[in-house]
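A short write-up of the structure that comes next.
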Amino acid sequence: MTEQRFKNWVQPEIKDGQPTPWGWVVKHVTNFSLGKYTDIGAFSYINAFYGVTIEDEVQIGSHCSIYSVSTIDNKQGPVHLKRNCRIGSHSVIMPGVTIGENSIIGAFSFVNRDIPANVIALGVPAKVSRNL
């Protein structure tokens, strides 16, 4: 069930490369899909050049970076954050990663591989710590 704080949630208007009213930015917005009842923290950056999908009820902390392309190592691929996953503040999600439904990524984590559903993962690089 959706939390009370999302009672008046509305789909935000997202303009390419411009901060939303909540202070997060999406580049390549035509390749970006945002589900309902999401919460993205201020100063987060999403590069959707190869696609970023954020499903319903996902929470992303402040200062996070989500990349579908990396110019450092030339990796590329869509990023998929599945329903009800949580991303701790200051985390980085790299190209081609899927984070499973209900999973939690600890703050300051570097996620460079898929994370299964219903787990807690954290660290640099992020590794599964335990099942939920």
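Every number in this text was worked out from the coordinates using simple rules, so none of it is lab data. This one's a predicted model, so the numbers in the text were calculated from it and none came from an experiment. Cβ coordinates were reconstructed from backbone atoms using ideal geometry, including for glycine residues, and neighbour counts include every protein chain displayed.
Structure data summary
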item: Rel. contact order, % - alpha carbon contacts under 8 angstrom, at least six apart, the range 7-132; result: 15 percent
item: Cβ crowding within 10 Å averaged over residues, with 85-93, 64-72 ranked highest first; result: 85-93, 64-72
item: The chain: most fluctuating residue of ASP73, ASP56, ASP16 per GNM, C-alpha cutoff 10 Å; result: ASP73
item: Distance from the range 109-132 to the range 18-72 (C-alpha centre basis), Å; result: 19 Å
item: Ranked packing of 47-54, 22-29, most packed first, by mean Cβ within 10 Å; result: 47-54, 22-29
item: Residues with amide H under 5 Å from that of ILE87, placed H, sequence gap 5 or more; result: GLN59, ILE60, GLY61, ILE105
item: Kirkwood hydrodynamic radius (C-alpha pairs) into Stokes-Einstein, the range 12-120, 25 °C and 0.890 mPa s, D in µm²/s; result: 185 µm²/s
item: Cβ-placed point charges (K, R +1; D, E -1), dipole of the range 1-95 about Cα centre in debye, nearest 20; result: 60 debye
